[in-house]
Amino acid sequence: MSELTPHARHNRDYWTTQAPDYAAQARRHWAEAEPHWGIWEVPEADVGMLPAVDGLDVVELGCGTAYWSAWLARRGARPVGVDITEAQLATARELQAEHALAFPLIRASAEAVPLPDAGFDLAFSEYGASLWCEPARWIGEAARLLRPGGRLVFLTNAPLLMLCTAPDGARATERLARDQFGMYRFEWPDEDGIEFHLPHGEMIRVLGEAGFAVEALHELRRPEDAPPTRYDFVTPEWSSRWPCEEIWRARKAQCGSQASGSATSSRTCSGSSSAATSASVTCSSTERSEARTATQTSRSGSERPWKSSVSGRAPLTPASGPSIARMTSASVISAAGRASR
Ligand SMILES: C[S@@+](CC[C@H](N)C(=O)[O-])C[C@H]1O[C@@H](n2cnc3c(N)ncnc32)[C@H](O)[C@@H]1O
């Protein structure tokens, strides 16, 4: 594994201690037929945030026990799971064997993935890289791994939940408990992991800088018939009134098809590590500006620890999967009303 960022090392150690507690849940999820999202297990059938995945190459970043990859494989996708924690991958391997469902599992940080550029049609994360990695790092990696026109779909906590959760980690209340400006890295007194959360404007900016246009943002509402959850950071009542989780779907710009043979890194990293990769797309200026139509600038007082940009080369193989109308201008669809109840 290439050199890890300090928070990646920290989170790997944290997840090594947590993994045994997640094995039973993983076994239950692997046995289920229908994909669902987040702590309230909202069915994908009611959400509709996944593209048709049959025939797609999918990389799950921070796959954990890889039940999402299993669900996608059963729908005809070719998943590759990436996770930094060996103990989580061990559970995934055990369940692969039990279900006779094999796909590659790679132990690596989603901030520096040892896979070539432009090999995937869909990058995915549910509470994986989307929560535990620095946003610009893992989203930059997702952009590099995707073919032009590929999609990034991920679930993480809604910023509103973070704003209503006090620094002591007590359950979210109906009051704002912290500043939005400057929110970025979160640590809790009763938990050892390091999380990252961005306000919406910042997330749209990070996605735009990596070459993505936002297609949809679905704020999840707890269904009335949701099963109980093991998590205690939010109540069922709160989650029925406000979104505690959200799903983003973004699309990498469709770009020129000329391959140049070598990747050019144009990232600027500071700090102790740099992802050993490059973004992989050369866009015409029109395409690039389309991709960035989505970008809202919502600068807070806080400095970003590092910046990324996208440049480089064309796809190694053409994007597969269903043909999708070429992106024109980006739209952010708040689809809270579509959540199942
Ligand atoms: C809550 S699990 C989410 C995955 C999956 N949905 C599940 O529940 O099994 C979080 C996962 O993120 C992984 N993770 C944390 N930091 C990571 C990093 N830098 N790169 C890759 N995976 C990471 C952890 O090892 C853990 O397996």
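Read the figures in this text as sums done on the coordinates, not as results from a lab. Since this is a predicted model, take the numbers as computed values, not measurements. We place every Cβ from the backbone using ideal geometry, glycine too, and count neighbours over all the protein chains shown.
Please arrange HIS218, HIS10 by counting, for each residue, the other beta carbons lying within 10 Å of its beta carbon, fewest first. Don't skip to the answer; put the middle values down first.
On the way: HIS218 25, HIS10 16.
Listing HIS218, HIS10 from fewest to most nearby Cβ atoms yields HIS10, HIS218.
Quick check on the exposure proxy: order TRP238, TRP68, TRP37 from fewest to most C-beta atoms within 10 angstrom. Could you put the intermediate results ahead of the total?
On the way: TRP238 19, TRP68 27, TRP37 23.
Result, fewest neighbours first: TRP238, TRP37, TRP68.
In region 99-135, which chymotrypsin sites (Phe, Trp or Tyr not before Pro) are in a loop and have at most 10 other Cβ atoms within 10 Å, using DSSP for the loop call?
On the way: sites: PHE120, PHE124, TYR127, TRP132; in loops: TYR127.
Within region 99-135, no chymotrypsin sites (Phe, Trp or Tyr not before Pro) qualify (loop, at most 10 other Cβ atoms within 10 Å).
Just rank GLU44, GLU34, fewest to most, by other beta-carbon atoms within 10 angstrom.
Numbers: GLU44 17, GLU34 10.
Fewest-to-most Cβ neighbours within 10 Å comes out as GLU34, GLU44.
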